[in-house]
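Enquirer: Submitted below is the structure of interest, expressed as structure tokens.
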Amino acid sequence: MENTTTAPIDIATMYDESTPMSNAFNDGQVHLAYWYDAVDEASMREASQRITRRVGESLGLRPGQRVLDIGCGLGTPALELAQDYGVTVVGINISRVQVEEATKRAASANLGDSVTFQHGDWNTLDFPDGSFDAIVAMETLLYATDLDRVLRGLFRVLRPGGRLALTETTRESSMGIEEAAEFAATFNAQFLKSTAEWLEALTAAGFEFHEYLQCGPRVFGKGPKYVAEAESQRAHLTEKFGAEAVDELGKALGYYFEAGAGKVGYAVITAGRPLG
């Protein structure tokens, strides 16, 4: 069962409205974070960067390569990949607010020549065939209105031998399909797939599977750390957004991680376009 009621314009509105809080809460990173254990003292920013680094490592990026980042958020992962690997990155996002903020970040980092962001719907890409050496999709594809069409579009714009890395929350065996659909709907996602279902979808679109890391216990399983982070920033966030907004953030985080506790994983999956 999939949630087919959320249109791209609704997703754009959701991110337009949440961007100021996301920007302040985790310094421009809108994906989840990776902690080694409950006593890991890494900041949320540092823990979030670990996910980006794992994506870069899984892609085997090399200097001069061209990378497409779909659903690029506020641009921080794209900037980090450009700085760490010497690649050029094109980010595409349906949220105009996020594209504007990402562009400002690129300029502030003096990376405007190597990292660019554009407003657009990645459900339908208009780049030429074989335009990119690698593609990044971080917590993005679960908003695809037609996943098969999107994956085939990504396959098309990837050069032969190129790689795709995606990161997504995943449905574990303890969560039924209907429960997964209900959980996904709480954050306007179209679906919540298991790792095996992602591999099936990628294979059907022509990709060959390379590897996956299922790191749910160190990402989604660290829910209390996200809630604690929101509380530690209460004074700062309250000054910017008001006490009611901060209370809502805490409640939303608490519900999200409590509802999925023990049932939701997190996977970094890498696949490629065959050379032949």
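Enquirer: Determine which member of the set THR169, THR124 is modelled with pLDDT of 95 or more and either in contact with a helix residue (DSSP H, G or I) (Cβ under 8 Å, 6 or more places away or on another chain) or among the aromatic types (Phe, Trp, Tyr) (or both).
Expert: Working: THR124 fails: modelled with pLDDT of 95 or more.
Just one listed residue meets the conditions, THR169.
Enquirer: Further question on the same structure: Specify which of the listed residues (ALA38, ALA107) is under 26 Å from MET21 (Cα atoms), surrounded by fewer than 22 Cβ atoms within 10 Å (Cβ to Cβ) and at pLDDT 95 or above. Even if it seems obvious, please write down each step before you answer.
Expert: Details: ALA38 fails: at pLDDT 95 or above.
Checking each option against the conditions leaves just ALA107.
Enquirer: Which of the numbered conditions does ALA205 fail, given that it passes all the others? Conditions: (1) over 19 Å from the mean Cα position of the chain (by Cα); (2) farther than 19 Å from MET138 by Cβ; (3) touching a residue at least 24 places away in the same chain (Cβ under 8 Å).
Expert: (2)
Enquirer: Could you name every one of the helices (runs of 4 or more DSSP H) located completely within segment 182-276 that has at least 1 residues being buried (at least 19 other Cβ atoms within 10 Å of the Cβ), among the aromatic types (Phe, Trp, Tyr) and at pLDDT 95 or above? It would help to see each step written out before you state the result.
Expert: Numbers: elements: 195-204, 223-232, 234-241, 243-260.
Passing ranges, in order: 195-204.
Enquirer: For residues that are of a type outside the set (A, V, I, L, M) and either in a loop (DSSP other than H, G, I, E, B) or surrounded by fewer than 19 Cβ atoms within 10 Å (Cβ to Cβ) (or both), tally how many sit in segment 127-171.
Expert: Here is the first cut: in segment 127-171, the residues of a type outside the set (A, V, I, L, M) are 127-133, 139-140, 143, 145-146, 148-149, 152-153, 155-156, 159-163, 167-171.
From what's left, either in a loop (DSSP other than H, G, I, E, B) or surrounded by fewer than 19 Cβ atoms within 10 Å (Cβ to Cβ) (or both): 127-131, 139-140, 145-146, 148-149, 152, 156, 159-161.
The number of residues fulfilling the criteria is 16.
The values are calculated or read from the model by the stated rules, or taken from the named source; none is laboratory data. The structure displayed is predicted, hence computed values, not measured ones. Positions of Cβ are backbone-derived with ideal geometry, glycine not excepted, and every protein chain shown enters the neighbour counts.
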